[in-house]
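Structure first, then comments.
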Protein chains: 2
Amino acid sequence: MATKKIEPRWLNPREMKAWRSYIVASRRLLEALDADLLGHELSMADYEVLAQLSDAPDRRVRMSELAEIAMVSKSRLSHRMKVMEKAGWVRREECLEDKRGSWAVMTDKGWKAIVKAAPDHVASVRNRFVDHLTSKDQEDLAKIFDRVTSQLRDQFIDEAAPAKKR
Amino acid sequence: MATKKIEPRWLNPREMKAWRSYIVASRRLLEALDADLLGHELSMADYEVLAQLSDAPDRRVRMSELAEIAMVSKSRLSHRMKVMEKAGWVRREECLEDKRGSWAVMTDKGWKAIVKAAPDHVASVRNRFVDHLTSKDQEDLAKIFDRVTSQLRDQFIDEAAPAKKR
DNA sequence: TCGTGATAGTTCAACTTTCAACTAAATCAC
DNA sequence: GTGATTTAGTTGAAAGTTGAACTATCACGA
């Protein structure tokens, strides 16, 4: 098969501006939010895990599901859980319905930790981000990024599936 | 001083939606872009370093400046440079004007690597992000995120300075 | 009921990132 | 000038992350 070189479609100035503004702001923003959480001995990723756990019925979620909703790999979750378990924030319980599985369970201490961290984190998200958006901005952003996410999911499905026709 | 507990201003549904949409999309997006670069043995962070270097006059930049424009810590840059140096993509040269300093210099091999990776990366940025935005979206995004960045910078200056009045 | 393949979760080794400590040179204040 | 401070950059150890290999269990079809 002859591989034909396709001339790449470079970004025009408007596209470039949007992309760079986004990427720079995102880097800085995440950095700032992480720094703001430092006082609670939490990273954004750990916060996300605890927040998801605290939201679940009985504050317990299967490991796999937790990994998925907190957007971390199973391996990473396993490691972080070990750390957070040592800190006394979570506990693991064997799953009776499925003996391969286990439950991630939030302890009282973990609950207290997240309840204490949440107001500061929300304030930080406001200060650094949300309060600088108008209502319209918020709606626009949500629309745009939902589109991006669903597109990513579609592509992922495309890639995972053997593909009928592309 | 009596510390008074301030009732946190939680996010309303619109704000929450915007924030979550943004954070979820961003995580997934970065993940996808990183995965797309894997074929070139590059991470987004390394790509950024090489891209900045390739843009500089004579493809050479002082280490500190490179760290700043590529948005990585000096320590991290130092470590990555060692790896990329081993790969033959960059080289370090001593700085004659300031003997503490050193230049990061892109080699021909590095140039070839980035020239080869760039079209794929741009395609990936398009596929995953830019092509899903209208021109208006692009302008809105740029405006919003520029605002976020400048705000972050202002806050940072605030924090760094001893503060006259806050 | 057996075997085959998928799923849940952990672990290990390799790699990356962070943070603090460090060297050396430049700059500043007097 | 000279001592104090700042700046440039690197280093080493500790902590975090990744991806593949692994164990155990489950689910399904013949």
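The values are calculated or read from the model by the stated rules, or taken from the named source; none is laboratory data. Everything quoted here is computed from the prediction, not taken from an experiment. Cβ coordinates were reconstructed from backbone atoms using ideal geometry, including for glycine residues, and neighbour counts include every protein chain displayed.
Can you pull out every residue in the range A:6-31 that is over 30 Å from A:Asn127 (Cα atoms) and touching a helix residue (DSSP H, G or I) at 6+ places or on another chain (Cβ under 9 Å)?
Across the range A:6-31, the qualifying residues are A:Ile6, A:Glu7, A:Pro8, A:Arg9, A:Trp10, A:Leu11.
Given the condition of a type in the set (Gly, Ala, Ser), more than 16 Å from DNA strand D (Cβ to nearest atom), without any contact (Cβ under 8 Å) to a residue 24 or more places away in the chain and within 30 Å of B:His132 (Cβ to Cβ), answer yes or no: does some residue in the range A:140-149 qualify?
Taking every residue of the range A:140-149 in turn, at least one turns out to be of a type in the set (Gly, Ala, Ser), more than 16 Å from DNA strand D (Cβ to nearest atom), without any contact (Cβ under 8 Å) to a residue 24 or more places away in the chain and within 30 Å of B:His132 (Cβ to Cβ).
Among the residues of the range A:12-29, are any part of a helix (DSSP H, G or I) and touching a residue at least 24 places away in the same chain (Cβ under 8 Å)?
Yes, because at least one residue in the range A:12-29 is part of a helix (DSSP H, G or I) and touching a residue at least 24 places away in the same chain (Cβ under 8 Å).
Have a look at B:Ala70, B:Ala87, B:Ala45 and point out the one that is within 13 Å of DNA strand C (Cβ to nearest atom), touching a Gly at 6+ places or on another chain (Cβ under 9 Å) and within 30 Å of B:Asn127 (Cα to Cα).
B:Ala87
Report the residue count in the range B:120-166 for those that are among the hydrophobic types (A, V, I, L, M, F, W, C) and modelled with pLDDT of 95 or more.
Count: 11.
In the range A:28-43, how many residues are crowded, with 16+ Cβ neighbours inside 10 Å and either in contact with a Lys or Arg (Cβ under 8 Å, 6 or more places away or on another chain) or closer than 17 Å to B:Trp19 by Cβ (or both)?
Going through the range A:28-43 one residue at a time, the tally reaches 8.
Where residues in the range A:46-78 are among the basic types (Lys, Arg) and near DNA strand D (Cβ under 10 Å from one of its atoms), which of them is surrounded by the fewest Cβ atoms within 10 Å (Cβ to Cβ)?
So, considering only residues that are among the basic types (Lys, Arg) and near DNA strand D (Cβ under 10 Å from one of its atoms), the one surrounded by the fewest Cβ atoms within 10 Å (Cβ to Cβ) is A:Lys74.
So A:Ala117 fits all but one of (1) within 11 Å of DNA strand D (Cβ to nearest atom); (2) of a type in the set (A, V, I, L, M, F, W, C); (3) at pLDDT 95 or above; what number is the exception?
Against the list (1) within 11 Å of DNA strand D (Cβ to nearest atom); (2) of a type in the set (A, V, I, L, M, F, W, C); (3) at pLDDT 95 or above, A:Ala117 comes up short only on (1).
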